[in-house]
Amino acid sequence: MYIFQEIDVPSIKLEKVVVLITAGGQGLRLWPLSTLEKPKQFCCLLSEKTMLQITLDRVKNLVPLERIFIVTCADQVKFVKQQIPKLQAENIIVEPESRDNAPAIGYAAVYIERKISDATMVVLASDQYISPIEQFESSLLKAIEVAQNGNYFVSVGIKPTAPSTEYGYMKCGRQMQFGATVYAGIQYIEKPDLDAAESFLNAKNYIWNTNIFVWQISHLLDAFKIYQLESYKVLKKIQTHLEYITPQELSVFYRQLDKISIDFAILEKIKVGDFYSHAFVIGEFEWSDVGNYSELAKQLEVNKFGDRCKGLIHKEHTENCLLIAETPYKLHVKGISNLTVVINAQGDILVSLTSSVKKLKNLLQVTNMNHFSSENKNPNGDTLPRTAKIINSRNIIFDSDHQNMICALDVENLSVKIRHENVYVYGNQ
């Protein structure tokens, strides 16, 4: 249940704050937990609540439900309604098609501006791990304060704990007048190579880009006018026709918007000396975008053998494995190491060398994981179902009493057996 418990902060106009949750991603790196039909933001990856519900809970002390908006695609509206039943239909902003987040945020801005004038927009992704909430609230309130008191585009960042090549970075300049955690923003940097990431870690003035943004809507639209003029013209046409525009007409307009991220479209265009400037707030909370199995594993408890488990798991002689089983399945593993084994609620299975799961996104971008095709035997001597994808793997025996999809990635000498609601993955010596 969503219960609004407003925080009183005299220096902030909380009544002008709206929250936009972006919930249109595909989550390709987390197949089979996340699928095209039901992406990760609508799944229970970290708790009994979905990632979207957890995101909503983080702002329940800041804004009432009527000032929270969710932008998503048409196929996913049903999940938003199921998971947040008290959210008004008019607060669900439906993209005609996925065109990255600059069109989504721009469309949401003109949509919200017609309803709430002079609003300050907080943009949150729907698929992040953040803890504790109290520290997140403190950082977000500081970001709102900065955005409401100047021509600032505010981003919340996190001090890096390792030289990550999976995250974008932000370069901080001088400390600003707003407090010890607020710095002038100098530069956004895309995901770096390892050498650059190590230099950023050592330099101490680079932080991870969390994609948590705060700005005044009027400033955002003005920035579109300055840096993305053609898209700005389209957005204003959409805003003019919002009251009576048909889905077909909206689609025509929407396709005219450049398919681009807000970082490339606006944020990286703003330079020192421009009318608008960057402010970076250093968040003092734990954060992950839960974008792949490596990040998901970090949120699970590790045992003395290096295994991390979620769901009903029975294991023997396993080491350094990530093991996940969704209800109603129970996963039995024996004699395996350094593997990621995942079975979803539909019985679809991933068996991968843990160091190779990062290949999933590229694999899914060229393969429809919902329509695998395979002969019953392949040149490696594997026995497989017709719905299988085998990559750099050999000597895989698959035996199931019902039709399942399986992806085997960089593994060998394994037996995978499904009987009713029990899944057995054994190493073949």
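Among the residues of region 114-138, write down those that are within 24 Å of Ala102 (Cα to Cα) and among the small types (Gly, Ala, Ser).
The answer is Ser117, Ala119, Ala125, Ser126.
Got at least one residue in region 220-234 being surrounded by 15 or more Cβ atoms within 10 Å (Cβ to Cβ) and within 30 Å of Glu286 (Cβ to Cβ)?
Yes: region 220-234 contains one or more residues that are surrounded by 15 or more Cβ atoms within 10 Å (Cβ to Cβ) and within 30 Å of Glu286 (Cβ to Cβ).
It is to be established whether one or more residues within region 24-38 are assigned to a loop (DSSP other than H, G, I, E, B), of a type in the set (Val, Ile, Thr) and surrounded by 23 or more Cβ atoms within 10 Å (Cβ to Cβ).
Residues of region 24-38 assigned to a loop (DSSP other than H, G, I, E, B): 24-27, 31-38.
Filter once more, so that each one left must be of a type in the set (Val, Ile, Thr): 35.
When the remaining residues are screened for being surrounded by 23 or more Cβ atoms within 10 Å (Cβ to Cβ), the result is none.
The answer is no; no qualifying residue exists.
Go through region 157-172 residue by residue and tally those that are in a strand (DSSP E or B) and free of Cβ contacts under 8 Å to residues at least 60 places away in the same chain. Reasoning before the result, please.
Step one: of region 157-172, the residues in a strand (DSSP E or B) are 157-158, 169-172.
Imposing the further condition that a residue be free of Cβ contacts under 8 Å to residues at least 60 places away in the same chain reduces the set to 169, 171.
Total meeting the criteria: 2.
Count, please, the residues in region 401-418 that happen to be assigned to a strand (DSSP E or B) and open to solvent by less than 60 Å² (accessible area, probe 1.4 Å).
9
Checking Pro10 against (1) at pLDDT below 85; (2) within 15 Å of the chain's Cα centre (by Cα), only one condition comes out false. Which one?
(2)
For Asn211, are the conditions met, namely being outside any helix (DSSP H, G or I), of a type in the set (S, T, N, Q) and either farther than 22 Å from Glu286 by Cβ or open to solvent by 40 Å² or more (accessible area, probe 1.4 Å) (or both)?
Working: outside any helix (DSSP H, G or I): yes; of a type in the set (S, T, N, Q): yes; either farther than 22 Å from Glu286 by Cβ or open to solvent by 40 Å² or more (accessible area, probe 1.4 Å) (or both): yes.
Taking the combined requirement at face value, the residue satisfies it.
Can you tell me which residues in region 27-77 are under 12 Å from the mean Cα position of the chain (by Cα) and of a type in the set (Gly, Ala, Ser)?
Hits for region 27-77 are Gly27, Ser34.
The values are calculated or read from the model by the stated rules, or taken from the named source; none is laboratory data. Bear in mind the structure is a predicted one, so any value in this text is a computation, not a measurement. Heads up, the Cβs are rebuilt from the backbone with ideal geometry, glycines too, and the neighbour counts pull from every protein chain shown. Side chains included, ligands, DNA and RNA excluded: accessible areas come from the protein's heavy atoms. Shrake-Rupley method; radii C 1.70, N 1.55, O 1.52, S 1.80 Å.
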